[in-house]
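Here's the structure, in structure tokens; my notes come after.
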Amino acid sequence: MKILLVEDEIGLAEAVGSILKSEKYDVDICNDGISGLEAALTDQYDCILLDIMLPGMNGLDLLSTIRVKEIETPVLLLTARSETEDKINGLDCGADDYLTKPFSMGELLARIRAATRRRGIVHDINPKYGDIILDLKRDEIICGSNSVVLGRKEFQMLELLISNAGQITTKEQFMNKVWGYNDESEYNNVEVYISFLRKKLSMLHSSVQIKTRRGIGYFLDGAK
Ligand code: CA
């Protein structure tokens, strides 16, 4: 899986690049719009992470240019908080999604997976938390030498909990992201699936626990 990162803040580009590499992505970094465009036009990437304010050529012009040339690589825009207008323009220009700086690496990795999965690009990067790994190909949780298969909803819920590690995932977020709609009368379903997940984690003797924040949602605990 090959990623192009176009970002002129050198420190940020290097930090993001090294984390992506540690997650086993191949990463090329460009620090200006012109070299970013040249790289994107080679059409060898599975995903492009694109800053908007860039020297040489801005991110939105770069995006429009590659879409005109029929390069359909998924593009995630990296935007500053003040650039709301640019986000809307960016989606109009053919961006798949955007992330507002500062973003967590967990969120970035989850968005890369989501954007590329929508395009049918196969993943070999499995989300991890504490002593568990989610196997995206087999829909399993792996803990040491043990594994257990998850149902589709259980899998998506655990993936969401991992991508939100360090924060609470609300019942509303589970409904929106896993069920695809939000209906308070079905919040019991979220509780039911959380109890299934807890049973599976304890079957695996994992140190990871799903904790409840009463009336708000759930969070993972147990990473060392
Ligand atoms: Ca910039």
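The values are calculated or read from the model by the stated rules, or taken from the named source; none is laboratory data. Computed from a predicted structure; not experimentally measured. Ideal geometry is used to build each Cβ from the backbone, glycine not excepted, and the neighbour counts take in all protein chains shown. Ligands, DNA and RNA are excluded from the accessible area calculation, which covers all protein heavy atoms including side chains. Shrake-Rupley method; radii C 1.70, N 1.55, O 1.52, S 1.80 Å.
Return the only residue of Asn164, Asn176, Asn189, Asn89 being within 19 Å of Gly215 (Cβ to Cβ), in contact with a helix residue (DSSP H, G or I) (Cβ under 8 Å, 6 or more places away or on another chain) and open to solvent by 50 Å² or more (accessible area, probe 1.4 Å).
It is Asn189.
Could you figure out which of (1) at pLDDT 80 or above; (2) of a type in the set (Gly, Ala, Ser); (3) more than 16 Å from the ligand (Cβ to nearest atom); (4) surrounded by fewer than 16 Cβ atoms within 10 Å (Cβ to Cβ) isn't true of Ala80?
For Ala80, the exception is condition (3).
Name the residues in region 45-65 that are away from the ligand (no atom under 14 Å from the Cβ) and either more than 20 Å from Val16 (Cβ to Cβ) or surrounded by fewer than 16 Cβ atoms within 10 Å (Cβ to Cβ) (or both), would you?
Ser64, Thr65
Just to be sure I understand, how many residues within region 145-159 are free of Cβ contacts under 8 Å to residues at least 24 places away in the same chain, open to solvent by 20 Å² or more (accessible area, probe 1.4 Å) and not in a strand (DSSP E or B)?
Residues meeting the conditions: 3.
Do we find that Leu12 is over 23 Å from Asn89 (Cα atoms) and not in a loop (DSSP other than H, G, I, E, B) in this structure?
Judged against the criteria, Leu12 is a match.
Has region 34-44 got any residue that is within 13 Å of the ligand (Cβ to nearest atom) and more than 15 Å from the chain's Cα centre (by Cα)?
yes
Tally up the residues in region 13-30 that are within 16 Å of the ligand (Cβ to nearest atom) and without any contact (Cβ under 8 Å) to a residue 12 or more places away in the chain, please.
Selection size over region 13-30: 1.
Being on the phi < 0 side of the Ramachandran plot, within 15 Å of the ligand (Cβ to nearest atom) and in contact (Cβ under 8 Å) with a residue 60 or more places away in the chain: is that true of Glu7 here?
yes
Residue under question is Ala110, and the condition is that it be in the same structural domain as Asp51 (by TED's automatic domain parsing) and surrounded by 15 or more Cβ atoms within 10 Å (Cβ to Cβ); does it hold? Quick ask: steps written out before the conclusion?
Working: in the same structural domain as Asp51 (by TED's automatic domain parsing): yes; surrounded by 15 or more Cβ atoms within 10 Å (Cβ to Cβ): yes.
The answer is yes for Ala110.
Under 20 Å from Gly222 (Cβ atoms), surrounded by 15 or more Cβ atoms within 10 Å (Cβ to Cβ) and touching a Gly at 6+ places or on another chain (Cβ under 7 Å), is that true of Gly130?
It is true that Gly130 is under 20 Å from Gly222 (Cβ atoms), surrounded by 15 or more Cβ atoms within 10 Å (Cβ to Cβ) and touching a Gly at 6+ places or on another chain (Cβ under 7 Å).
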